[in-house]
1. Here are some conditions: (1) under 20 Å from VAL397 (Cβ atoms); (2) surrounded by 13 or more Cβ atoms within 10 Å (Cβ to Cβ). ASN456 meets all but one. Which one does it not meet?
2. Looking only at region 11-41, count how many residues are at pLDDT 90 or above and polar (S, T, N, Q).
3. Taking the condition of being assigned to a strand (DSSP E or B) and crowded, with 16+ Cβ neighbours inside 10 Å, how many residues in region 51-78 meet it?
4. Just checking, which of GLY250, GLY240 is touching a Pro at 6+ places or on another chain (Cβ under 6 Å) and modelled with pLDDT under 95?
5. Looking only at residues in region 250-268 that are in contact (Cβ under 8 Å) with a residue 12 or more places away in the chain and touching a Ser or Thr at 6+ places or on another chain (Cβ under 8 Å), which one is nearest to ALA331 (Cα to Cα)?
6. Within region 377-388, can one find any residue that is among the aliphatic types (A, V, I, L, M), at pLDDT 70 or above and either in a loop (DSSP other than H, G, I, E, B) or within 15 Å of LEU359 (Cβ to Cβ) (or both)?
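The values are calculated or read from the model by the stated rules, or taken from the named source; none is laboratory data. Owing to the predicted nature of the structure, the values given are computational and were not obtained by experimental measurement. Every residue, glycine among them, receives a Cβ derived from its backbone with ideal geometry; neighbour counts consider all protein chains shown.
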Amino acid sequence: MATETNINTSSEANQPVGKAIIVKGNVHAQGQDGTVRVLEINSPIYENDRIITDSNGMISIVFGDAAVDRLDLGRNSEVVIDEDVFKEAGPEQVAESTAEVEQIQQALAEGTFDPTTELAPPAAGPAGPDNAGGGIYNVQFDLTGDQITPEAGAETTGPPFDFISRPGHTYEEPVVVLAEPVIESGGSEEEPPNYFPEAGSLEITLDEENLPDGTGAPQFDEDGRLFYEGTLEDLGVNFGGDGPGGISFGTQFLAIDNTGGDSITVSGSYGTLTVYDDGTWKYQVFDQADGSPNLDHPVTGQSGPATTGPSDSLQDIFNFTISDSNGDTAAGSFTANILDDGPITEDISISKVVEEDALGNDEGAELGDPDSSLGNLDDSSDSDTATFTAADLKSAVDDGADEEVTFSFVASGSSGTLAGITSNNEAINWSSDGTTITGVTATSGDTVFELRFDSNGDLIFDLDDQVDHSFGSAGTDDELLANKIDVGQFIV
């Protein structure tokens with residue numbers, strides 16, 4: 001006769017819910033955390049253990065009432081001990097079950113226990129619902145003692161050993177396969193970037209007109225010398241991420257470390273460049289051998305005797321190399337253009353008078369050429385010549401930083417016509433041979449005046465013929481010419 005037994009399943013976390021009372025062959029339990037245990041008699045069974053039997057394994061597990069709440073597994077079986085398999089047992093049930101298990105084990109040891117008659121048969125049959133909630137139903141068969149040989153169409157062989165008297169078994173320690181450790185890599189260490197320095201070119205202009213005696217606004221240092229100051233940034237220097245190293249001019253090297261006033265001074269063609277360890281620098285123009293701060297500019301090539309400023313420039317070039325703290329380098333340059341100062345005319349007018357009545361009568365002051373007219377000398381002190389001394393000429397100009405100025409005529413071959421002045425109603429044309437300015441009448445070619453420098457640097461004006469004056473009243477023979485002859489137009 002078959003009856004159904006309902007086993008309700010519930011347990012408390014981390015507390016055994018059952019116990020193995022019979023173990024045969026290889027039986028393992030896999031816990032929730034993945035650990036695997038080899039089960040033996042009295043091994044505790046926990047909630048959610050996965051019970052696994054090998055091909056030669058079988059196990060009986062009790063969960064409370066050892067006679068009723070029991071799970072038997074045969075070979076090649078697997079089951080999860082969850083609430084569908086066991087029911088929660090109170091302390092009294094657990095104590096009774098434990099006592100019953102101990103009695104069964106004692107009987108087994110004494111050989112007086114037959115599980116086929118003393119224990120309820122293993123559960124069989126389909127599971128069904130329970131009024132109390134989730135669970136499983138086991139079909140229980142009562143022993144009648146009847147025997148029958150199943151006809152399956154093939155001979156079968158049962159287990160080769162007696163269930164009660166088990167043969168000895170050597171348990172193999174389970175091989176726990178540890179997972180390969182996962183090594184998290186932080187990634188390959190990146191090499192730090194290599195920065196490179198930069199350097200540029202700076203070109204500056206200094207003008208001698210800014211010297212103390214120059215013709216322009218003062219712009220000189222405490223030494224009275226032209227100068228220019230700046231920083232390495234003005235030279236386009238950027239040491240980059242590696243930081244500053246130093247600066248080199250040929251074999252001269254200076255560490256840029258701002259440690260306390262170290263410097264190097266480099267001499268150029270026309271001045272000196274001093275660089276300090278804090279990254280600042282100063283350029284100064286040389287003094288001359290006589291102590292004057294101006295430079296001698298050449299009179300050939302670009303520069304000439306009549307050129308100044310940008311047209312007459314001297315160039316001082318300094319090439320350098322910078323290095324960062326990592327040893328990387330970059331090249332740059334500094335160029336100073338030094339402009340020549342030149343004289344400028346002052347707003348001064350110097351006038352001289354010559355007398356026509358001295359024409360032909362003042363031979364002692366003549367320049368060796370005969371006069372073209374003969375005047376009526378009124379006063380023996382009258383003269384047909386006039387002298388502009390070198391001092392007169394210098395007073396009319398600011399000689400500038402070059403300090404010494406000389407005068408000369410316009411270039412040979414230069415010529416022109418005097419504006420508004422005639423002689424015998426003829427225009428007066430002038431020309432230069434480099435040493436003398438000569439004025440002659442345009443038609444007849446008579447010499448009207450000559451202009452020369454003597455050995456002292458004085459400028460001599462010699463009137464050789466009359467020039468036309470306006471008609472005046474009687475007694476006005478000393479009338480001045482309305483349009484003066486400007487000798488400054490002939491001088492450079």
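1. All conditions pass for ASN456, except number (2).
2. So the answer is 3.
3. Taking region 51-78 and keeping what is assigned to a strand (DSSP E or B), we get 51-53, 58-62, 70-73, 78.
Imposing the further condition that a residue be crowded, with 16+ Cβ neighbours inside 10 Å reduces the set to 51-53, 58-62, 70-73.
Number satisfying all stated conditions: 12.
4. Numbers: GLY250 fails: touching a Pro at 6+ places or on another chain (Cβ under 6 Å).
Only one candidate qualifies: GLY240.
5. Filtering region 250-268 for residues that are in contact (Cβ under 8 Å) with a residue 12 or more places away in the chain and touching a Ser or Thr at 6+ places or on another chain (Cβ under 8 Å), the one nearest to ALA331 (Cα to Cα) comes out as LEU254.
6. Let us first name the residues in region 377-388 that are among the aliphatic types (A, V, I, L, M), namely 377, 386.
Imposing the further condition that a residue be at pLDDT 70 or above reduces the set to 386.
Now narrow it down to the ones that are either in a loop (DSSP other than H, G, I, E, B) or within 15 Å of LEU359 (Cβ to Cβ) (or both): 386.
Yes, because at least one residue in region 377-388 is among the aliphatic types (A, V, I, L, M), at pLDDT 70 or above and either in a loop (DSSP other than H, G, I, E, B) or within 15 Å of LEU359 (Cβ to Cβ) (or both).
Quick grid of which residues meet (1) β-branched (Val, Ile, Thr); (2) modelled with pLDDT of 60 or more:
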| position | (1), (2) |
| --- | --- |
| GLY301 | no, no |
| ILE317 | yes, yes |
| THR335 | yes, yes |
| ASP341 | no, yes |
| ILE348 | yes, yes |
| VAL354 | yes, yes |
| ALA365 | no, no |
| ASP371 | no, no |
| LYS394 | no, yes |
